[in-house]
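One structure is given here, and the rest of the page talks about it.
Computed from the coordinates by the stated procedures, all read-outs in this text should not be read as laboratory data. It should be emphasised that the depicted structure is a prediction, and the values quoted were computed from it without experimental measurement. Cβ: placed from backbone, ideal geometry, glycine included. Neighbour counts: every protein chain shown.
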Amino acid sequence: MKVLGISFGRVNSNCDILTKEALYSAKMYAPNVEIKFVNTMKLKIGRCIGCGACSTALEKGKDNACVVKDDFQYLENLCREADAIIVSAPVYVLQPVGQLKNFTDRYACRHDISAIPYVLDRRRRGEAPGDPDDFPMERLRQKPVAYFAVGGARTPDWTSMGTAGMHLFGLSEGMRVISNYNANDMGHIGNPLLDQKMMDDVHEIGWRVAAAVDLPADQIPYYGKDGDQGTCPVCHQNLLMVNGTTTVTCPLCGIHGKISIEGEKLVVDFPKEEQERARGTFKGLREHTAEIQSFGAIVAPKIMANKDRLDGLMKRIKEFHDDWTE
Ligand SMILES: Cc1cc2nc3c(=O)[nH]c(=O)nc-3n(C[C@H](O)[C@H](O)[C@H](O)COP(=O)(O)O)c2cc1C
């Protein structure tokens, strides 16, 4: 069993410490666990250029390397090989550092697990070429993942979008989240090694990540800081979108729930059928792909009907030249 730790922080700083301690704990859980660590500071991971080559290949049941040639592929390969992943990222301006977003954008499209049964079904029905049994099924594995968001500020208010932003990394691969851990106050004490409670939590999360590899999805307990299970029962985050009614939406899972107040407690009931269509599930991901695929039928006639007009409207956009010169 391979457990991979990825730190997006500075070398030997707080993210490295949390990740490595969690890996040591995973190794203590079972000696046969192979632990691997990488700090991304030295890696060049540029932005997604939106070419769509990866998702197009995936929808055809094919695999490919990312078109952008940098260190992305190295890290992606490590993630593919791993049975479980621990990710730490520094919070910069309330969110995880931008390099993780670059990695997530390029990783997510390539790892939409719902594409796999879709492709195989189409092949079985004779709608797509290829052998229905010829697909790297190991890509369907929904790996356990833990997220550590590391902030210097003393209050968790300053890491408010930390683990939520990190959660997007494993979303399309349906990774099973073991913990969203907010490690704030890291500037104050300088070093998490001096915070025994935090070290205990990190060790707890480390072995739980390794233990979860062999457990069925519905038997994996979530480990929240100070027992916090999160408001959303799927992603265990505490963010909500409100619209002035008693219906709220989990912005990560895209599911709707009913809000109520019980004494001093705010309760949100997310019905089972909503939970089953959460964004990180086969159903939720396929719902989105079907939505994207429906664009063509709507957009194509509109473009055809407005072709000359559109050319004219685009002219003024194209003629406004970019200030940047090589
Ligand atoms: C540009 C920048 C922005 C930051 N913004 C925040 C922030 O919004 N909230 C916070 O808690 N800490 C913030 N920090 C502090 C870092 O999260 C903190 O130093 C953390 O320990 C970095 O992780 P590392 O030690 O593993 O490199 C910021 C640091 C930098 C450099």
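Observations on the structure shown:
- Computed E for Met1/Glu273 - FRET, C-beta separation, R0 35 angstrom, nearest 0.05: 0.55
- Net charge dipole size for the range 2-229 [Lys, Arg +1 and Asp, Glu -1 on Cβ; Debye, nearest 20]: 580
- Anisotropy class of the range 2-229 from Cα gyration tensor, a/c 1.5 cut: prolate
- In this label model, Thr247 and Ile303 are separated by 3.3 nm, measuring between points 7 Å along each Cα→Cβ vector.
- For Lys225, the aspartates and glutamates whose Cα comes closer than 20 Å to its Cα, not counting residues fewer than 8 places off in the same chain, are Asp16, Glu21, Asp157, Asp185, Asp195, Asp200, Asp201, Glu204.
- Calculated [θ] (222 nm, deg cm²/dmol) that DSSP helices of n ≥ 4 give over the chain, each run adding -39,500 (n - 2.57): -11500 deg cm²/dmol
- When the C-alpha to C-alpha distance is required to be over 18 Å, the pairs from Lys69/Lys143; Lys36/Lys143; Lys44/Lys101; Lys2/Lys101; Lys62/Lys101; Lys2/Lys27 that qualify are Lys69/Lys143; Lys2/Lys101; Lys62/Lys101.
- The lysines whose alpha-carbon is closer than 18 Å to the alpha-carbon of Lys258, local same-chain residues fewer than 8 away aside, are Lys272.
- The range 195-322, dipole about Cα centre (Lys/Arg Cβ +1, Asp/Glu Cβ -1), debye to the nearest 20: 900
- Isolated cysteines in the chain, defined as those with no second cysteine Cβ under 4.7 Å, comprise Cys15, Cys48, Cys51, Cys54, Cys66, Cys79, Cys109, Cys235.
- Taking a straight Cα-Cα cut-off under 20 Å and skipping sequence neighbours fewer than 8 places away in the same chain, the lysines within cross-link reach of Lys302 are Lys315.
- Cβ-derived FRET efficiency at R0 35 Å, Ile317 paired with His288, nearest 0.05: 0.75
- Dividing the mean sequence gap of close Cα pairs (under 8 Å, 6+ apart) by how many residues the chain holds gives a relative contact order of 16 percent.
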